[in-house]
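Asker: Let me begin by handing over the structure; questions about it come next.
We did not get these values from a lab; they are worked out from the coordinates using the rules stated. The shown structure was predicted, so the numbers you read here are calculated from the model rather than taken from an experiment. Note that each Cβ is placed from the backbone with ideal geometry, even for glycine, and that neighbours are counted across all protein chains shown.
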């Protein structure tokens, strides 16, 4: 490591909102009581996509988005820029609630979602560095490589060919990303990278151009049937959509619905073409390896490496959300060390930005959405950190449910999924922290011994509800 801490001078703000190309519009708060057709609480991707498709299908609707801070303040403006056509939880879990055929249909719908997002970007003229370069996942020890081979076998048995997912030998893996200790790799095609800041700003603007209204700096104290109570007035409405992700914990009686889980990111200064000639990433694939403790990275449109991971602490006692925790120096140092371990070529490169945010995790680790037609209440989210693409499909589906459109989407097996609450404290804190430590220990053991850490993984999966 350099004598000078490379993250010490990093700007503590998300890269995505620190660019001359991005101006975050600041909208007024709600100006007194108001009546609308549909009120959406939350100005992130879930709320914005729901509003977008509602207005595309019925321009006459009076749609209001109510945001506590500004659009993209939460995970939508702080994530890693992965627009991956997959849903957290996996097909087998959804199959338990439906069938394996229905679970595969959900997977294919997610594959198509990446192209749907690209279609909307082109129609609306949203420039956000979108490039469909797939995802490269490296195996960097023997157990990881064995799991990759098994994953490919399962994909083939499910009818997914090389056009969706394929195995990479070490030499081909290095052409995609010349990282350290490569045993094998997987290339997953239905994925793109984006600048999430520009995407959320562009999408909010598109909603307004379609006739939607957005109010910001307006906190919601109570939401229920036909009524949303805010700090600036009461909204009466036929439909209420809750799209609040990790911030769901702010509402009375909903503190245990989703667990706020921290992730941190760093970004390098712009890098030379010579650097990329050496390390790859020519088509700007998203990249990671197959450790249990998640890492993720992209090559940005302006040739930086933006890289993140689940640092410590991942969770604060009592489901707290703290701006100070987002900038936890120890966590950012761990993210930096993971990046240097992967790409030592970056050892002396300046880190210009560091930031963090919270994502929402349901107790069953399954994203989903539901809409009660009789009460007019809809809820969507809990994407477990994979929401950039999933929020689009969820928003499209929520719009279909509200408008009673009988599309194939409304019968997908994540519709109606509802998780039981998280455990009360201190059991919640103990379980999450223990699981995290066991996952990290499993990674260390597998790298050190070359053998699968079966016991640690079994306990960790049990704590996670697998």
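Asker: To the nearest 10 degrees, how steep is helix 387-402 against the longest Cα principal axis of the chain, on a 0 to 90 scale?
Answerer: The answer is roughly 30 degrees.
Asker: Taking Cα centroids, how far is the range 213-240 from the range 330-388 in Å?
Answerer: A separation of 27 Å, based on Cα centres.
Asker: Still on this model: Tell me the relative contact order for the range 24-100 as a rounded percent, counting alpha carbon contacts under 8 Å between residues six or more apart.
Answerer: Working: 57 pairs, mean separation 22.8, N = 77.
The value is 30 percent.
Asker: Sum -39500 (n - 2.57) across every DSSP H segment of at least 4 residues in the chain, then divide by the residue count to get the 222 nm mean residue ellipticity, nearest 500.
Answerer: Taking each H run of at least 4 residues, the total per residue is -10500 deg cm²/dmol.
Asker: Moving to a separate point now. Give the dimensionless ratio obtained when the Cα radius of gyration of the range 26-83 is divided by 2.2 N^0.38 Å. Write out the running numbers ahead of the final one.
Answerer: Values: Rg = 12.6 Å, N = 58, 2.2 N^0.38 = 10.3 Å.
The value comes to 1.22.
Asker: Here's something else I'd like to know. Provide, in order from the shortest bin, the percent of all Cα-Cα pairs of the range 140-179 in each 10 Å bin, continuing until the bin that contains the maximum pair distance.
Answerer: Binned Cα distances yield the sequence 28, 51, 20, 1.
Asker: Which semi-axis lengths, in whole Å and largest first, follow from the square roots of five times the eigenvalues of the Cα gyration tensor of the chain?
Answerer: So the three semi-axes of the chain are 34, 24, 23 Å.
Asker: What are the principal axis extents of the Cα atoms in the range 247-364, in Å, biggest first?
Answerer: For the range 247-364, the Cα spread along each principal axis is 54, 26, 24 Å.
Asker: While we're here: What is the calculated FRET efficiency for residue 171 to residue 423, with r their C-beta to C-beta distance and R₀ = 60 Å, to the nearest 0.05? Intermediate results must be reported in sequence, preceding the final value.
Answerer: Numbers: r = 47 Å, r/R0 = 0.78.
The computed FRET efficiency comes out at 0.80.
Asker: How far apart, in nm, are the 7 Å Cα→Cβ label points at residue 345 and residue 229?
Answerer: 5.8
Asker: Below 8 Å between Cα atoms, with a sequence gap of 6+, how large is the relative contact order for the range 196-350 in percent? Walk me through the intermediate numbers first.
Answerer: Working: 182 pairs, mean separation 25.9, N = 155.
This gives 17 percent for the range 196-350.
Asker: Considering only DSSP beta bridges where both residues belong to the chain, give the percentage that are antiparallel (nearest 5).
Answerer: Counting DSSP beta bridges with both partners in the chain, the antiparallel share is about 65 percent.
Asker: Quick check: the angle from helix 427-449's long axis to the longest principal axis of the chain, C-alpha only, nearest 10 degrees?
Answerer: Tilt relative to the chain: about 30 degrees.
Asker: Given Cα pairs under 8 Å that are at least 6 residues apart, what percent is the relative contact order of the chain?
Answerer: On the way: 1056 pairs, mean separation 110.7, N = 466.
Relative contact order comes out at 24 percent.
Asker: Right, something else. Taking 7 Å along the Cα-to-C-beta vector as the label spot, tell me the residue 157-residue 178 distance in nanometres, rounded to one decimal.
Answerer: Rounded to a tenth, the inter-label distance reads 3.8 nm.
Asker: Return one number: the angle in degrees, 0 to 90 and rounded to the nearest 10, between the long axis of the Cα atoms of helix 100-124 and the longest principal axis of the Cα atoms of the chain.
Answerer: Once rounded, the angle reads 80 degrees.
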